[in-house]
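Q: I have a structure here, written as structure tokens, and I will follow up with some questions on it.
The values are calculated or read from the model by the stated rules, or taken from the named source; none is laboratory data. Keep in mind that this is a model prediction, so the values were computed, not measured. All Cβ positions, even for glycine, are placed from backbone atoms using ideal geometry, and neighbour counts span all protein chains on display. Remember, those area values only see protein heavy atoms, side chains included, never the ligands or the DNA or RNA. Shrake-Rupley method; radii C 1.70, N 1.55, O 1.52, S 1.80 Å.
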Amino acid sequence: MTSTSDAKFPKSMRVVKGDDFTRVLRRGGCAADGTIVVFAMQRSVEDERASAKSVPFDVTRLGVTIPKKTGNAVVRNRWKRLIRESFRTQRDRIPGGYELVVRPKKGAQPDWAAIQRGLPKVAARAIARIKPAAASVGGSDSRRG
């Protein structure tokens, strides 16, 4: 359980720049369940230098994107609140040092229990999908052959 001071979620811990969203969506690993889709990418030293507010390198930052097709402003804002609150309260269950971009799965409804249950699991799967790619760059992939 997180203490009150650990439970804060300042803007410096969010992915807010459009370029950062694009980079994570294009180059990051992806995983989904029936409610949310998570894109994950490991934070790099260049990213840390580029950010105006220095966030410790081992901290995972969260970005939320809600397409307009999801619903009206009330529905989209509910999604954002639920995803951010789930991340804020479960930060200790999500590996550190990554940038996550979360969006709702097409056709899903904003369900607190499903988001709360799924976010750490889906984030871990998305992170696991980027690790083999980074490890196999320098050597051969042992799963082949």
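Q: Taking Val137 as the residue in question, decide whether it is open to solvent by less than 90 Å² (accessible area, probe 1.4 Å), at pLDDT below 95, aliphatic (A, V, I, L, M) and in a loop (DSSP other than H, G, I, E, B).
A: no
Q: Okay, next question. Can you tell me how many residues in region 87-98 are closer than 15 Å to Arg117 by Cβ and either free of Cβ contacts under 8 Å to residues at least 24 places away in the same chain or open to solvent by less than 60 Å² (accessible area, probe 1.4 Å) (or both)?
A: 4
Q: For region 99-113, give me each residue that is open to solvent by less than 10 Å² (accessible area, probe 1.4 Å) and more than 18 Å from Lys68 (Cα to Cα).
A: Residues satisfying the conditions are Glu99, Leu100.
Q: Counting just the residues of region 55-84 that are touching a residue at least 24 places away in the same chain (Cβ under 8 Å) and over 20 Å from Lys106 (Cβ atoms), which one comes out surrounded by the fewest Cβ atoms within 10 Å (Cβ to Cβ)?
A: Filtering region 55-84 for residues that are touching a residue at least 24 places away in the same chain (Cβ under 8 Å) and over 20 Å from Lys106 (Cβ atoms), the one surrounded by the fewest Cβ atoms within 10 Å (Cβ to Cβ) comes out as Asp58.
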